[in-house]
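Before any comments, here is the structure.
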Amino acid sequence: MVVIPVFGAPPGVAGPLADIMAAALRRANIPATTGSAIKNGYLLEGEANFSQTDAKQGEISIAWTVSDDQGKTVDRLETRHVADTESWQSGSRLVLNGLAENAVPRIAALLQSSLPAIAQAARPTIGVIAIEGAPGDGNEALKNAFEAVLRNAGLPVVADGKLAAIQVFGKVNVAPNGNGQEKLEIEWTLRKPDGGEIGSMKQTNTIEAGKTKVRWGSLAYNITFAMIDSIADVLNTMERADDIRLNR
């Protein structure tokens, strides 16, 4: 399921609410993302309205629409949640979590029991095998971050990368770039289990000198998050090739 930013929500709330909804759906065993990694799945749209009930608080009503991969509306439902005005306008995590808690069990129940599954062939699995050349804790940090962002995007990551149909390898190089900066290059190579190359991609970033010497922290997630659409494109290309072979 793809969750898009909620219409009618305050600026800075629509996107984070979609992210929280997608994460809550995944915890309910519904593959969900806010990106483009899931194809041929359901779409969840929300339209929010805030009604002031007194000087400090109001009621948030959200009309949720679930549509199929052909764009046909398959169900609608509405949730209501009382919150103070400032918390809604600022996107309080407590309020957004409360909205998700109200909506997700109903949406998950709908998908799991009321709607037919959209037929899909099993997707090629992905495994991050090894990353080398990074200073500090970069090799481990990049591997852990890549697995996490792939999984959060609803892509089929396997725990044992050696069993994956698409195996990811990374080679990192960090070099001085002048003016207190460094050039960070990562070459990502995608291979088949037999070692055959599927493709390769290169990332280049300019970073503050010394930023990767010890701990990579959020930098590892920022770097790997940027690769999600590229990995999803490879998956979709492989799936189309499988469909062509099956239909010959």
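The values are calculated or read from the model by the stated rules, or taken from the named source; none is laboratory data. All of these numbers come straight from a predicted model, not from anything done at the bench. With ideal geometry, Cβ positions are generated from the backbone for all residues, glycine too; neighbour counts draw on all protein chains shown.
Just one of Gly199, Gly180, Gly170 is in the same structural domain as Ala232 (by TED's automatic domain parsing), touching a residue at least 24 places away in the same chain (Cβ under 8 Å) and surrounded by 15 or more Cβ atoms within 10 Å (Cβ to Cβ); which is it?
Values: Gly199 fails: surrounded by 15 or more Cβ atoms within 10 Å (Cβ to Cβ); Gly180 fails: surrounded by 15 or more Cβ atoms within 10 Å (Cβ to Cβ).
Answer to the check: Gly170.
List pairs: first in the range 205-231 and free of Cβ contacts under 8 Å to residues at least 12 places away in the same chain, second among the β-branched types (Val, Ile, Thr) and surrounded by 13 or more Cβ atoms within 10 Å (Cβ to Cβ), Cβ under 6 Å, 6+ apart or cross-chain?
Close Cβ pairs satisfying both conditions: none exist.
Give me the residue from the range 51-81 that is among the small types (Gly, Ala, Ser) and over 19 Å from Glu101 (Cβ atoms) and, out of that set, nearest to the chain's Cα centre (by Cα). First the steps, then the outcome.
Keep residues of the range 51-81 that are among the small types (Gly, Ala, Ser), which gives 51, 55, 58, 61, 63, 67, 71.
Applying the additional criterion that residues be over 19 Å from Glu101 (Cβ atoms) yields 51, 55, 67, 71.
Numbers: Ser51: 31, Ala55: 38, Ser67: 20, Gly71: 21 Å.
Filtering the range 51-81 for residues that are among the small types (Gly, Ala, Ser) and over 19 Å from Glu101 (Cβ atoms), the one nearest to the chain's Cα centre (by Cα) comes out as Ser67.
Yes or no: the range 116-131 includes at least one residue that is part of a helix (DSSP H, G or I), out of contact with any strand residue (DSSP E or B) (no Cβ under 6 Å at 6 or more places or on another chain) and either of a type outside the set (D, E, K, R) or in the same structural domain as Gly161 (by TED's automatic domain parsing) (or both).
Scanning the range 116-131 turns up no residue that is part of a helix (DSSP H, G or I), out of contact with any strand residue (DSSP E or B) (no Cβ under 6 Å at 6 or more places or on another chain) and either of a type outside the set (D, E, K, R) or in the same structural domain as Gly161 (by TED's automatic domain parsing) (or both).
Scanning for something under 29 Å from Pro124 (Cα atoms) and touching a residue at least 60 places away in the same chain (Cβ under 8 Å), does the range 6-13 turn up at least one residue?
no
Please go through the range 202-215 and pick out each residue that is more than 13 Å from Glu182 (Cβ to Cβ) and surrounded by 14 or more Cβ atoms within 10 Å (Cβ to Cβ).
Gln203
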